[in-house]
1. What are the distances, in nm and sorted shortest first, from the label point of B:Leu168 to the label points of the same position in each other copy, with each label point placed 7 Å from Cα along the Cα-to-Cβ direction?
2. Provide the net charge surrounding D:Gly33, with neighbours chosen by a C-beta distance below 9 Å and charges set as Lys +1, Arg +1, Asp -1, Glu -1.
3. Over the stretch D:241-297, with a single point scatterer placed on each C-alpha, what log10 of the ratio I(q)/I(0) does the Debye formula yield at q = 0.13, 0.21 1/Å?
4. Using the Cβ atoms and a cut-off under 12 Å, what net charge is assigned to the surroundings of D:Thr13, where Lys and Arg are +1 and Asp and Glu are -1?
5. Please compute, for peptide A:56-69, the average count of beta-carbon atoms on other protein chains lying within 10 Å of each residue's beta-carbon.
6. Kindly rank B:60-71, C:183-194 from highest to lowest mean number of other beta carbons found within 10 Å of each residue.
7. Peptides A:100-108, D:238-246, B:203-211, C:46-54: what's the order by average Cβ count within 10 Å, highest mean first?
8. Using Cα pairs closer than 8 Å and at least 6 residues apart in sequence, work out the relative contact order for the stretch A:91-351, in percent.
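Since every read-out is calculated from the coordinates, none of them should be taken as a lab result. Just so you know, these numbers come straight off a predicted model, no measurement behind them. Here the Cβ positions follow ideal geometry from the backbone for every residue, glycine too, while neighbour counts run over all protein chains shown.
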There are 4 protein chains.
Amino acid sequence: MSGNTIGKLFTVTTFGESHGAALGCIIDGCPPGLELSEADMQRDLDRRKPGTSRHTTQRREADEVRILSGVFEGKTTGTPIGLLIENTDQRSKDYSKIAEQFRPAHADYTYMHKYGFRDYRGGGRSSARETAMRVAAGAVARKFLEQRLGITIRGYLSQLGPIKVEKLDWDQVHQNPFFCPDPDKVAEMEAYMDALRKEGDSIGARINVVADGVPPGWGEPVFDRFDADLAHALMSINAVKGVEVGAGFDSVEQKGTEHRDEMTPDGFLSNNAGGVLGGITSGQPIAASIALKPTSSLRLPGRGIDVHGNPVEVITTGRHDPCVGIRATPIAEAMMAIVLMDHYLRHRGQNADVSVTTPVLGQL
Amino acid sequence: MSGNTIGKLFTVTTFGESHGAALGCIIDGCPPGLELSEADMQRDLDRRKPGTSRHTTQRREADEVRILSGVFEGKTTGTPIGLLIENTDQRSKDYSKIAEQFRPAHADYTYMHKYGFRDYRGGGRSSARETAMRVAAGAVARKFLEQRLGITIRGYLSQLGPIKVEKLDWDQVHQNPFFCPDPDKVAEMEAYMDALRKEGDSIGARINVVADGVPPGWGEPVFDRFDADLAHALMSINAVKGVEVGAGFDSVEQKGTEHRDEMTPDGFLSNNAGGVLGGITSGQPIAASIALKPTSSLRLPGRGIDVHGNPVEVITTGRHDPCVGIRATPIAEAMMAIVLMDHYLRHRGQNADVSVTTPVLGQL
Amino acid sequence: MSGNTIGKLFTVTTFGESHGAALGCIIDGCPPGLELSEADMQRDLDRRKPGTSRHTTQRREADEVRILSGVFEGKTTGTPIGLLIENTDQRSKDYSKIAEQFRPAHADYTYMHKYGFRDYRGGGRSSARETAMRVAAGAVARKFLEQRLGITIRGYLSQLGPIKVEKLDWDQVHQNPFFCPDPDKVAEMEAYMDALRKEGDSIGARINVVADGVPPGWGEPVFDRFDADLAHALMSINAVKGVEVGAGFDSVEQKGTEHRDEMTPDGFLSNNAGGVLGGITSGQPIAASIALKPTSSLRLPGRGIDVHGNPVEVITTGRHDPCVGIRATPIAEAMMAIVLMDHYLRHRGQNADVSVTTPVLGQL
Amino acid sequence: MSGNTIGKLFTVTTFGESHGAALGCIIDGCPPGLELSEADMQRDLDRRKPGTSRHTTQRREADEVRILSGVFEGKTTGTPIGLLIENTDQRSKDYSKIAEQFRPAHADYTYMHKYGFRDYRGGGRSSARETAMRVAAGAVARKFLEQRLGITIRGYLSQLGPIKVEKLDWDQVHQNPFFCPDPDKVAEMEAYMDALRKEGDSIGARINVVADGVPPGWGEPVFDRFDADLAHALMSINAVKGVEVGAGFDSVEQKGTEHRDEMTPDGFLSNNAGGVLGGITSGQPIAASIALKPTSSLRLPGRGIDVHGNPVEVITTGRHDPCVGIRATPIAEAMMAIVLMDHYLRHRGQNADVSVTTPVLGQL
């Protein structure tokens, strides 16, 4: 119940620092009987892995995950699943300079004020390296949801700095290093990133994530609404500064007659709700969108202070992503999967014997 | 741990339906020795209360709160505080028509699929009436934070449909029925709302909420980041579809050199972070913004279905707010207060003996 | 998650002091569709109620419970159930003397050291009066378990001071004021209690509680074992100093060949396990036993100290039970019911789709 | 929040099976700045380790623990501590016979009914091998409690089958393989165990555990009482069937004048309470006692059934402890340490600023 666990029935607890010995997690609450192997997780880990194109950090991590428990004869047993990824390419020397410095927009200063002491190597626990374990755990949830319930979870980059995606072609998402669903924007993105890298600057991004096939009825009013728990999970991803569900901030200027998703026997006529009404899933696709801030580690000098409060000029020379949003798509998918899995089990616990005669409407 | 509790050390559990006998809540974890009376809560309850202007629902609820436990000789004892508000103006007859109908954009359809059964009177548990108890509980947290730690929490309406606020004059916020901080926009808002009411439609809104005086170091990485828990709390408010912290969605188009809040010995030079770095408070003001969808209850007919799946024309004739955002400012403040209080206690629990020599920077 | 909530999916949160305005609780997680009225709770409340014989405290409390939410048209809706009992016979003047004193074996001294401040009227929050709400909440769990799953929960007094029960005749339990299942011991108990009351002293007791009809498979290894959660729940009852499951402390002197409950196709041959193996229910009756210390409030003078550390002679003149164990049977049953209900929902959440071909053995 | 986590602010989550690749755990909530190395844990692990005398299982496990995260430059950082112990001596072939059998008094039958599927090698998750991680985690808590607060936690074997300890000489506890504090009983225990081993049978035991130096005020009424949480933690240890605090079951026959621990300015005059009043620590030593059942794995044949419900004769030929109680002393100490640490942090969170003028009484 301290801060490194997410979920109530399907719980994921992670540990590990950017430059420590290893990253790990414990998944507790996975139902028994699910076929599971390292390969199921590796697919998603490889999508998040650094160094797969020139547009991400050149740190080389194999990110090979090992299952240490909870799986027997190829199937989950219902007991906790221990996962481990050893760190292999941590060059701590890159970071020795900054032991005494607080870099702007990093967690250096806040960790020091919280703990009075910090692992300064590569951001320690605050590094996005921790998200590797989220992706591994999310892959377990995703497999269950897909195999048992036919739910698919897919994400894409919807905006890279000023470049907005205009087409959503799911087949394109994995054809380029950006998770961009619009083939007409890829060249523009490449050029933008090349210029940015030359410049030494970084840029923000927007990621959308959609879950199809979620049945109506999941989510627990009033505080543990599905969308509230999703907002928690997505906002907990490094660098995220905003979360929307459905129409999101566009709702501000919508009138009721426009926003309300009318229903007919054939289905809903729109999905401004993003698949959640009153905190409970409606059977429509769950649609969320997140804003990621630009990477804070820049080789362009910035003003910071040191541990004594003196001004310093900070230049970050390690290997960093110029746009953390690029690798964030699999992470957002993983968090969606974890929240769905948790709410599926919670709903089943409380309402397993509810029978509903009202028909499920067609999805839009 | 079911869905009606928020917080880990400072926990708030609510009960009650729109048209039931009463609303109530239990605050567990309030430190002992805080002077507390009903009047402390009534001030905030009155700000949220319906029927205070022609722009909100005409339902008349006194919203008088009673303290049933946890306070002795005018001070909190450290044991749970039981609070109760009796419902006095519930006209259930208004709702009898819709027992068999699912209204678009309401929780009717999703509650039915979750529970197989629902209290259809005024939305039952899904009604925003539940937020009265949040405001009462938030007032307790707010009093502690103000009195013991000098923290102030203030909110305002930053946008009403198409009308964006341009000035932030805190003194104006309580001079008009909208919580609008810009005196030049109030007349425009009044005219807009009058027209809307005539039309029978509703409109969305945006609320901003700011906490000043929060020290650095609160928040628990990695899942229970301060901003993640805040996003959860704010998204759990009825009608909220989006949450931003700091620069929020503007971060998407920002470059790193622009977004990163540089630090000098005199303080931070900007606050794009919204007071949270790596999930931990930085000592800067905590700044969040939420999007509220337009009210779904309209007297303009909309397409819905009934419990058997047949099409129906839905017209809502009860007493409703044409803009739920108008009364949401005290609710957003309350949720900010609850999350702050909880993280204060959690931080104190884990790190009470941490001594930090690094100076606290001046706030922007 | 502060200390006044029990359960994870079926959660009960209580508030209220001995001499405050009211006691209350919120039951969160009760499945929808259960027929429920105040009468269902009143039956158990009346069994716990003070003043029903000369052997219990003469305080007169009607203990009338009101349902404030979560029930609509006579059925639970799945939303939180708010319950309230107003205190009607609190004579606070009886307690004014002890505001400055710490009575031996009471929580006065420990509450002061925890909170620095206490509601001294009748023990405040530490009073066993709080257990009324446990009984009310337990009655809801019990009704579900009985009606839906055929589980019965029954308790009895197995020892009153030196008097050990020798026969277990369930029909006798409600024929006497002690919940004694052995008709041959009732007269002895009456005489013992009459002498004790005259003497001004108090006595301990042992209560047994048994749940029949619990299917195999409930309980979550490794920390939330069914028996561990049951021990928690039972030890949380005022005055309880020991908890046993199955053979309990007799296990210490048992050999493995004696203790192990052998299995045949017709069923288990013994129940030393008390219905729990590896933390999971076995399908046998769940059997637990608890030790209750003698009441600490005595009119016989005892040595205590005052708030300044000076010695005082303490004489307690209020109305008290000379044996708190006498009224504890319904409370122990209630705690058993709450733990069973919680684990039923948890098991269902994680394992709802598990199919087991191994036959369920006959119970002993 | 599934079943493999204990604690609320100081949380311990374990994973691992008897014959899987490794055991591990995550400690979340350890305060920063504590000096910690593997050696701190190894000392306690070695005390629990199998194979150190002829009276315990001959399985040879080095039980070498590795710290994977949360410690930097020899000190805890406040972030989660990942621990790992690789299994090195798992001879799975020993267990292949029992894949289809349910052994009496084991968790085989209950796991099958819970999960529909089980890791049958050495009991899988239900094996007491899991307790190695509890001991490792407990060592971290113990170090903090000792170093920062001067609290010492010590346990001993108080009864081995029929042999009751009569003297408590702490210096003797580590001079014999039984954790027996009475030098006069050691030879008797050795002879008893030798005979038992020859016979092929097993025996129960009783362990006492005491914490000295705990200040008054820890524990959260009403459900999370210190003693209730301790009962939960102790009952969650494999083979435990009973838990007592203070006078425990002796309270049943005590009168109030005997049981109540009178107070004088010099201190308490007795400790029947076992250091807990109203669920809150009193400043006296915390004293608990547990009953452990005899080992269920015997080479003497017993009646069981197979997965199809047919009768089988079960003979267990693996390497087992004839008295699981012998190695349980470090485990009981570890659980006491974990509960103390958690309640220390919780108390500090809620009550860090409470100032109490009442003096702390001398301990008995």
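1. 3.3, 6.2, 6.9
2. Details: positive: D:Lys75; negative: B:Asp353, D:Glu35.
So the environment of D:Gly33 carries a net charge of -1.
3. Ignoring solvent entirely, the Cα scatterers give -0.39, -0.82.
4. Working: positive: D:Arg134; negative: A:Asp28, C:Asp224, D:Asp28, D:Glu130.
Combined, the nearby Lys, Arg, Asp and Glu give -3.
5. Working: counts 0, 0, 0, 0, 0, 0, 0, 0, 0, 0, 2, 2, 11, 14.
The mean count of partner-chain Cβ atoms within 10 Å per residue comes to 2.
6. Details: B:60-71: 20.5, C:183-194: 16.2.
Highest mean packing first, the order is B:60-71, C:183-194.
7. On the way: A:100-108: 23.7, D:238-246: 27.3, B:203-211: 25.3, C:46-54: 16.1.
Ranked from most to least packed, the peptides come out as D:238-246, B:203-211, A:100-108, C:46-54.
8. Answer for the stretch A:91-351 is 27 percent.
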